[in-house]
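One structure is given here, and the rest of the page talks about it.
The values are calculated or read from the model by the stated rules, or taken from the named source; none is laboratory data. Here the structure is a predicted model, which is why all the values come from computation and not from measurement. Methodologically, a virtual Cβ is constructed for each residue, glycine included, from the backbone with ideal geometry; neighbour enumeration extends over all protein chains shown. Calculation scope for accessible area: heavy atoms of the full protein, side chains included, ligands and nucleic acids excluded. Shrake-Rupley method; radii C 1.70, N 1.55, O 1.52, S 1.80 Å.
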Amino acid sequence: MAERDKRAKFVQLAENRVNRAIKDLQLIGNLSNRSAYEFTDEDIRKIFRTLQRELDTAKSRFSRGDKSSADGFRIG
């Protein structure tokens, strides 16, 4: 695959994935509506600790090239 093709594919995928992540983060923010949902401060800490850990892992992969072995997220 030509370098230009690799760049175009990266840009296309990065834009799609980052925009999808932004939308999903906005949806997570919608969970803050206490009139619609019940949650604890610990639930919120778990959510954002997990998100931050995954962001840190993704960022480090650009430096090291490591693969993540995340098992997913669960509150309970």
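Key figures
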| read-out | value |
| --- | --- |
| In degrees, nearest ten, helix 41-64 long axis to first principal axis of the chain (Cα) | 10 |
| Selected from GLN52, GLN26, GLN12 as most flexible by GNM, with the chain as the system and alpha-carbon contacts under 10 Å | GLN12 |
| Selected from LEU51, ILE22, VAL11, residue furthest toward positive end of dipole (the chain; charges at beta carbon) | VAL11 |
| For the chain, radius of gyration divided by Kirkwood radius, i.e. Rg to Rh on alpha-carbons | 1.09 |
| Dipole in debye (nearest 20) - the chain, about Cα centre, beta carbon charges: Lys, Arg +1; Asp, Glu -1 | 380 |
| Filtered GluC sites (Glu not before Pro), the chain: DSSP coil and at most 15 other beta carbons within 10 Å | GLU38 |
| 0 to 90° range, to nearest 10: angle between helix 3-30 axis and the chain longest Cα axis | 10 |
| Percent accessible area from carbon and sulfur atoms, the chain, protein chains only, probe 1.4 Å | 53 |
